[in-house]
Each structure stands twice: as C-alpha cells, then as structure tokens.
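K.L.:
Pasting a structure here, questions to come.
The values are calculated or read from the model by the stated rules, or taken from the named source; none is laboratory data. Bear in mind the structure is a predicted one, so any value in this text is a computation, not a measurement. Glycine gets a Cβ as well: all are built from the backbone with ideal geometry, and neighbour counts include every protein chain shown. Heads up: the accessible areas ignore ligands, DNA and RNA and are worked out on the full protein's heavy atoms, side chains in. Shrake-Rupley method; radii C 1.70, N 1.55, O 1.52, S 1.80 Å.
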Amino acid sequence: ILLELINDTLTLSKISSGKLSLHLQPIDSNTLTAPITIPLRGAAEQKNISFILDDHTRRRRIMADTLNAQKILLNLLSNAIKYTPSGGHIRFTIENDPPDAPNPDTVYTIQDDGIGIPADFLPHIYDPFVQENRTGTKTTGTGLGLAIVKQLIELMGGSIQVKSRLNEGTTFIVRLHFEELPPLEPETTEKKKA
C-alpha cells in the first residue's frame with residue numbers, strides 16, 4: 001500500500017506540474033483493452049460477478065499512450081469490481097463515435113450495479129486522498145486513483161462523466177480521441193523473398 005501511495009503521489013505530482021508527457025506510439029486498437037480485460041474478467045468471476053464485454057468498435061491502427069490509457073480503464077474497472085457485491089454485474093462497452101467515421105472518438109462505458117455513490121459525495125470523487133467512509137464497506141487504496149484517472153484523461157484531451165445512484169450502481173463514461181493511422185500494407189511476395 002505504501003509503494004502504491006508513493007507511486008500514485010509521484011504520478012499525480014508529475015501531471016499537476018506538467019512534467020508527465022504522453023508517449024504516443026502506433027498500435028492496434030485491440031492492444032489497448034485485451035491485456036486488461038482478460039485478468040479483470042478472472043477477478044470478477046472469483047467474486048461471482050458477471051463481467052460483460054460489449055465491443056462495437058472496428059479494428060484500427062491508432063496513435064496512443066498505451067500504458068496510460070490502460071491505467072485509466074484498469075482503475076475504473078477495478079473499482080467496479082471492488083464496489084460490486086457477489087452476484088452483481090459489470091458491463092464494459094466500447095464504441096466508436098460516430099460509428100462509421102474515418103477518425104472517430106472511442107467511448108468507454110463502465111457500468112455496474114454495485115453500492116453506488118451518494119449524491120453529496122459525487123462532487124468530491126476526483127479530489128486527491130478523498131475516500132467515502134461508509135458503514136459496512138471496506139475501503140482500500142490510496143484515494144488517488146480517480147484523481148489520476150481524471151487528470152490523465154484531461155492530458156489526453158478527453159472527458160469523463162459519472163452517473164450514480166446509492167445502492168443501485170455507477171456508470172463512468174470516458175471519451176478519448178486516438179488519431180487513426182492508415183492500415184499497414186501487406187508485404188508483397190517480392191519483399192518476402194528479399
């Protein structure tokens with residue numbers, strides 16, 4: 001926990017002081033989500049939570065900071081698992097908006113039917129070191145996850161929205177824009193021989 005706190009504090013400090021820069025690289029759009037959804041699905045199943053991945057996107061080559069984009073999704077999905085009781089459901093939806101545009105935004109929706117967030121606490125969820133203390137709920141972590149998520153999203157020029165009802169669940173909607181690259185040309189027979 002101490003190591004996590006130090007790492008998160010350093011990350012937040014770097015973002016706040018403008019010293020964290022994005023490392024954009026060309027990747028396959030599937031590379032963003034596949035490595036995190038597989039272990040998270042396993043974590044949800046261990047807790048008897050139904051994890052549904054609903055991917056409506058087309059495969060694209062994009063420019064992205066893979067590590068930081070994954071950090072955003074990992075944090076939100078981990079929170080959904082943490083605050084959803086056994087028998088609950090999590091739906092992770094990925095969409096292109098507009099769907100058939102050549103260079104669309106990517107919209108990630110993380111929806112759960114967990115414990116929800118009280119209306120009076122919602123304005124404070126992105127405040128550093130702030131965690132809701134609710135009777136009967138174990139709170140672990142540094143209280144920096146959502147603060148980092150929001151600042152990373154803003155650094156990427158994206159947006160985040162949250163809707164929540166106490167004891168009914170929470171929905172986070174993240175919108176990011178990844179510059180689309182032309183697809184790689186398949187190697188010709190001559191190139192392969194050379």
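K.L.:
Any residue that is open to solvent by 60 Å² or more (accessible area, probe 1.4 Å), under 21 Å from SER164 (Cβ atoms) and over 17 Å from the mean Cα position of the chain (by Cα) - is there at least one of those in the stretch 42-54?
P.N.:
Yes: one or more hits.
K.L.:
Then there is this: Just name the residue that is farthest from the chain's Cα centre (by Cα) out of those in the stretch 112-127 that are of a type outside the set (A, V, I, L, M) and open to solvent by 60 Å² or more (accessible area, probe 1.4 Å).
P.N.:
Across the stretch 112-127, the extreme among qualifying residues is ASP120.
K.L.:
Working only within the stretch 91-111, note down all residues that are open to solvent by 80 Å² or more (accessible area, probe 1.4 Å), modelled with pLDDT of 95 or more and charged (D, E, K, R).
P.N.:
Scanning the stretch 91-111 gives a single hit, ARG91.
K.L.:
Let me ask something additional. When you look at GLU154, is it farther than 16 Å from SER29 by Cβ, acidic (Asp, Glu) and at pLDDT below 85, yes or no?
P.N.:
no
K.L.:
Hey, any hits in the stretch 116-123 for a residue that's at negative phi and assigned to a helix (DSSP H, G or I)?
P.N.:
Within the stretch 116-123, one or more residues are at negative phi and assigned to a helix (DSSP H, G or I).
K.L.:
Just to check your reading of the model, which residue among LEU12, LEU20, LEU53 is in a helix (DSSP H, G or I) and in contact (Cβ under 8 Å) with a residue 12 or more places away in the chain?
P.N.:
LEU12
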